[in-house]
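Following: one structure in structure tokens, then a few remarks.
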Amino acid sequence: MNVRQIAYKTALILGVSASLFGCTTPEIQKMSAMDAVKFGNMQFFEMPNYRFDMDAKLLDLRMADKANDPKTANFNKYMNYFGKHLTFGSSGVIDTENQQFQMIPSYGFQSKNANGSIRFPIVYDHKQKLLFADLSALSGLLTDVENEGKYSKFSTANLPIPADADAKLLQLMRKYATVFYDDLKPEAFVDQPLTDADRAHKAVRKIQVTLKPQEALEKFPMMLQDIAGVFTQEGQKPFTPLPDTAIAEMKKELNNMLGENSKDIYSIAFNRAGQIVSMNADSMYEMDFSKIGKADPTAPVMNIRFNMNMTVSDIGKAKLIDPPTIENTVDGKENLKGGVFGRLFAGKSDDEEQNSNELSTEAIQTDAATAVSTGAEDAAKAASKPVRKKARHK
């Protein structure tokens, strides 16, 4: 077979594969709203690599004032002040092909005359079983100031977890990506008009999903058992954090505590391929603590509302942001030893551990030799003493 024939057959195979793929790929605009949401959630595990950016914000936090108590009013005032000025965000890259995962969480405070934030870039390389963390925000306290701006490298190869835990965890994530939608009624899924921001992200469809936390709690016992199974060594009895009766009681108490007005409202935008390109979650929880355990009418009722917004971009093109290199990476244990508090977490280095073992061995040998020598000396002294005969009495 010559080169031309090989090229022709290769092109034919690729053409047939492409036509088959095109025929079997569902169109997100023609799917039911529920199926579209499920399909989009599963795409997170199919996309080769992508970047995500998210931010979260506390919108309201207050206790119901049952008796016009000034303390309650002050609590609501200051909690909302700090809550509305605190910021949380995260960016990162999920690279499933190279099994590299990055997250850069940031925390801050913003007001008219104050603006500050800290961030902790983290990269996990699953192939090499290495974790990289830039802890420079706490230089001097946690890490050595001489390594400012560098990643600390830690090995995860010796962690006491099953070898197949990562594969099981991925299966579990796939399962729970859609399981919360299974029991929802079709009315919970409503199509929404696209905005200019949606179109800027190349969205072709947007769906709103309303989910009550009480409905999610129905999956709570099953989820706990599944998580326990992931970290159970082969041949061992699955670790159960709580007995089934305790889990059932906990679920019952949480159901009683959550008010009817509690709900999560998701607005999810999809591109033409059915991939999620943006998601906004608006969560409102009403928690009546008087309904937990014994009835206590004086227990507080708390209302909390927060918002989370996420965008997905660079699908198939995303690369790690400021990736770890030989030049910008140092040994994690050694870096922690240079911090005031970091040395408490550093433990012993391999050389120190070896020296410690050698010293322990030498100490044991010395103690044994001393014991033998002392025993021999005692025996010699006993042998050198004259034997005194006891007087006989007639």
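The values are calculated or read from the model by the stated rules, or taken from the named source; none is laboratory data. This structure is a prediction, so every number in the text was calculated from the model and none was measured. All Cβ positions, glycine included, derive from the backbone under ideal geometry; neighbour counts span all protein chains shown. Just so you know, the surface numbers come from the protein's heavy atoms only, side chains and all, with ligands and any DNA or RNA stripped out. Shrake-Rupley method; radii C 1.70, N 1.55, O 1.52, S 1.80 Å.
Of the residues that sit in segment 158-179 and are polar (S, T, N, Q) and closer than 30 Å to residue 38 by Cα, which one is surrounded by the most Cβ atoms within 10 Å (Cβ to Cβ)? Out of the qualifying residues, it is 178.
Please tell me if residue 251 is among the charged types (D, E, K, R), modelled with pLDDT of 75 or more and buried (at least 16 other Cβ atoms within 10 Å of the Cβ).
On the way: among the charged types (D, E, K, R): yes; modelled with pLDDT of 75 or more: yes; buried (at least 16 other Cβ atoms within 10 Å of the Cβ): yes.
Spelling it out, residue 251 is indeed among the charged types (D, E, K, R), modelled with pLDDT of 75 or more and buried (at least 16 other Cβ atoms within 10 Å of the Cβ).
In segment 180-213, the qualifying residues are those that are open to solvent by 60 Å² or more (accessible area, probe 1.4 Å) and among the acidic types (Asp, Glu), and the one that is nearest to residue 42 (Cα to Cα) is 182.
Within segment 264-289, the set of residues being open to solvent by 30 Å² or more (accessible area, probe 1.4 Å) and either on the phi > 0 side of the Ramachandran plot or of a type in the set (Val, Ile, Thr) (or both) comprises 265 only.
The single condition from (1) in a helix (DSSP H, G or I); (2) more than 19 Å from residue 310 (Cβ to Cβ); (3) open to solvent by less than 40 Å² (accessible area, probe 1.4 Å) that residue 232 fails is (1). Checking each residue of segment 315-327 against the condition of being of a type in the set (S, T, N, Q), over 30 Å from residue 75 (Cα atoms), surrounded by 14 or more Cβ atoms within 10 Å (Cβ to Cβ) and at pLDDT 75 or above gives no match.
The condition of being in contact (Cβ under 8 Å) with a residue 24 or more places away in the chain, under 19 Å from residue 333 (Cβ atoms) and among the charged types (D, E, K, R) holds for only one of 127, 153, that being 153. Quick one: what pairs do we get from segment 329-349, first residue open to solvent by less than 50 Å² (accessible area, probe 1.4 Å), second modelled with pLDDT under 90 and of a type outside the set (Lys, Arg), C-beta under 7 Å, 6+ apart or different chains? Qualifying pairs under 7 Å: 336/342; 336/345; 336/346.
Any chance you could count how many residues in segment 52-74 are under 32 Å from the mean Cα position of the chain (by Cα) and either on the phi > 0 side of the Ramachandran plot or open to solvent by 70 Å² or more (accessible area, probe 1.4 Å) (or both)? Give the derivation first.
First, the residues of segment 52-74 that are under 32 Å from the mean Cα position of the chain (by Cα): 52-63.
Applying the additional criterion that residues be either on the phi > 0 side of the Ramachandran plot or open to solvent by 70 Å² or more (accessible area, probe 1.4 Å) (or both) yields 55, 62.
Total satisfying the criteria: 2.
Residues in segment 42-51 that are assigned to a helix (DSSP H, G or I) and open to solvent by less than 20 Å² (accessible area, probe 1.4 Å): there are none.
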